Amino acid sequence: MSAPLEQLLRDARIDLVIARIEKDSSVIEDVIKNIDNDIRSIRFNSILTLGEIGEKSGENAVLKITEYLDDDDWSIRREAARSLGKIGKIAGISIPQLSKCCDDDEDSIRFAVVTSLGKIGSGTNESLSTLKKALNDKDEQVRVEAANALGLIGSDAYEIIPYLMKSMSDPSWAVRTSSARAMSAIGKGTVKAIPTLISALDDKDWRVRYHIVNTLSEIGTESIPSLLKAADHENRVVRKDAVEALGELGIKSPEIFEKLFEKLKDSKEEVRGKAASSLRSLGKEAVPYLVNATKAANSKMKVVLISAIGGIGIDANEAIPYLISLLTDSNISVRVEAARNLGAIGKDSEETLNALVKALNDGKYIVRREAALSIGKIGSIAEKAVPSLLNALEDKKPDVRWRASEALGKIKVNNPEIISALKSLIHDECDYVCESADFAIDNITENI
C-alpha cells in the first residue's frame, strides 16, 4: 500500500511525489494544499516539489508560493524564492512580492531572488529596479547573479546598460565578467541600446569599451549609421573604437570603406592604425583603399598600411606590383615591410620571386633578411631562387644566413651543392644559424 502524500512530503521523498504527479496531475493541487500544513518540513518540501516540476505547477501554485515569501522561517522564504524561478515565466505575477525580498538580511535569499528574476525573464519595472540595485549588493555572488539575470532578461533591460558598465569596474573579477556578458546579451538584441552604447565609447575602462565594440558588432547593420557618425567624434578614443567596430561588423559596404579610408588620414596615430586594421579585416575589397592610402602616406604610416595589405594574404595579390615598387623606396623600414609582406601575398608569383631575388642584394641586411624569408614562403616556384639563396648563405650578416638557410629548408630541393652549403653552416659562429642549417638539412632529406 502506498504511503500518504503528507508522509512522503514530510520524509522529503520528492522523487516519489513527482512520480505520482507524472501519473496523475491532480496530485499537484494536493501538494499546493500542503503548503499550508502545520508541519514545517511538509510546507518546505511542498514548495520544493512545485519548483521541481516547473511550469506544470500552474498559476495556483505560484499564487500560493508567493504568500510564503514573507514567512517567518528564512529557509521557507528562500525556497519560495527559488521555486518561483524554477517555475519560470508563469511566475511573473510574483515579481512585485519577489522583488521586495531583495531587501532580506539573509544573503542566500537575495541570491535566490535575483536568480529567479533572471529565470522568470520578465523585464518589468520592479524586476529591473531590483536587479539594478542588486548590482551594488554587499555580497559578491548576489552581484554576479544580478548581472547574469539581466543578461537572461535580454533586450528589455537595455536601460540598465549604464549600470552594468559601472559594474565592470567592480573589484570582483566574477562580477566584471558577468556584467560584460550581460551587456552583450542585452545590447545585441535591440537597436534601442545603440545610443547608450555609442555614448559610452569614451569610457575610461578599456574593458567596457572592448565589450561595447563587440556588442555593436553583434547588433549588425542597424548600428552602422551611429558608428559612422561616431567615427568623426571629437574624442579620439570614441573615433578609434567606432572605427574598430566598423571593422568588426564584417560588412563590406561602400560607406564603411569610404569612412575607414578617410580615417587613415586621422590626426591621431591610434585611429589611423585601427582604420588600417579594420580594412585588413574586410579582406580583398579593401586592398585598393589600402594601396591608395599608402601612396599618400608618410613612411611610418606606409609601414602600417603595407602590413595591413600583407595581413589580407593571397587575396591581396593585386597589390603585388605596388609592393614590388616599394622595394626601392628610400626608407629602409618601408623596404623591409614590402619584402616581408610580399611573402604573404605573392605565393606562386614569378614577378614576386624575381623582385625578392633582386632584394637579396639590397645594401641593408635587414631587407636582405626579409627577402630571403619571403622567398621561402612563396611556394614551389621558389626553386628558381636557389642559386641566389646559396649566395646568401655566405652573407656577412648572420641574420641573412639564418633566413636563407631556413628558406632552403622550406623549398626542399635536394642536391649535393645545397646540402654541402648548409653543412658548412653547422659550425657557424652564431648558434641560431647552426640550428637553422641543421633543420634545413633534416627537412630536405626527411624522405630519403
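The values are calculated or read from the model by the stated rules, or taken from the named source; none is laboratory data. Predicted model, so just to flag it, every value in this text is computed and none were measured. Cβ placement follows ideal geometry from the backbone for every residue including glycine, while neighbour counts extend to all protein chains displayed. Protein only, heavy atoms only, side chains kept; ligands, DNA and RNA dropped before computing areas. Shrake-Rupley method; radii C 1.70, N 1.55, O 1.52, S 1.80 Å.
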- Query: Restricting attention to the stretch 185-207, which residues are under 27 Å from Glu234 (Cβ atoms) and either charged (D, E, K, R) or under 13 Å from the mean Cα position of the chain (by Cα) (or both)?
  - Reply: Lys192, Asp202, Asp203, Lys204, Asp205, Arg207
- Query: On the given criteria, is Ser46 within 28 Å of Asp103 (Cβ to Cβ) and under 41 Å from the mean Cα position of the chain (by Cα)?
  - Reply: no
- Message: If a residue must be of a type in the set (S, T, N, Q) and in a loop (DSSP other than H, G, I, E, B), how many such residues does the stretch 223-244 contain?
- Response: 1
- Task: Under 9 Å between Cβ atoms, at least 6 apart or on separate chains: pull out the pairs that start in the stretch 60-72 with a residue that is closer than 17 Å to Ile120 by Cβ and end on any residue that is outside any helix (DSSP H, G or I).
- Result: Ala61/Ile53
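Do the conditions hold for Val367, that is, is it open to solvent by less than 80 Å² (accessible area, probe 1.4 Å), within 42 Å of the chain's Cα centre (by Cα) and in contact (Cβ under 8 Å) with a residue 40 or more places away in the chain?
yes
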- Kindly establish whether Arg236 is under 27 Å from the mean Cα position of the chain (by Cα) and either under 30 Å from Ala200 (Cβ atoms) or not aromatic (Phe, Trp, Tyr) (or both). yes
- Yes or no: Ser179 of a type outside the set (D, E, K, R), assigned to a helix (DSSP H, G or I) and within 22 Å of Pro195 (Cα to Cα)? yes
- Message: Is it the case, given these coordinates, that Ile332 is under 18 Å from Ala371 (Cα atoms) and without any contact (Cβ under 8 Å) to a residue 40 or more places away in the chain?
- Response: yes
- Query: If we keep just the residues of the stretch 255-302 that are within 20 Å of Ile324 (Cα to Cα) and of a type in the set (Ser, Thr, Tyr), which is nearest to the chain's Cα centre (by Cα)?
  - Reply: Tyr289
- Note on the structure: Pairing a residue in the stretch 195-219 that is free of Cβ contacts under 8 Å to residues at least 24 places away in the same chain with any residue that is surrounded by fewer than 23 Cβ atoms within 10 Å (Cβ to Cβ) and part of a helix (DSSP H, G or I), where Cβ atoms lie under 8 Å and the two sit 6 or more apart in sequence or on different chains, gives none
- Query: Does at least one position in the stretch 209-220 carry a residue that is part of a helix (DSSP H, G or I) and at positive phi?
  - Reply: no
- Message: Between a residue in the stretch 373-386 that is in contact (Cβ under 8 Å) with a residue 12 or more places away in the chain and open to solvent by 20 Å² or more (accessible area, probe 1.4 Å) and any residue that is part of a loop (DSSP other than H, G, I, E, B) and among the β-branched types (Val, Ile, Thr), which pairs come within a Cβ distance under 9 Å, given they are 6 or more apart or on different chains?
- Response: Glu383/Val413
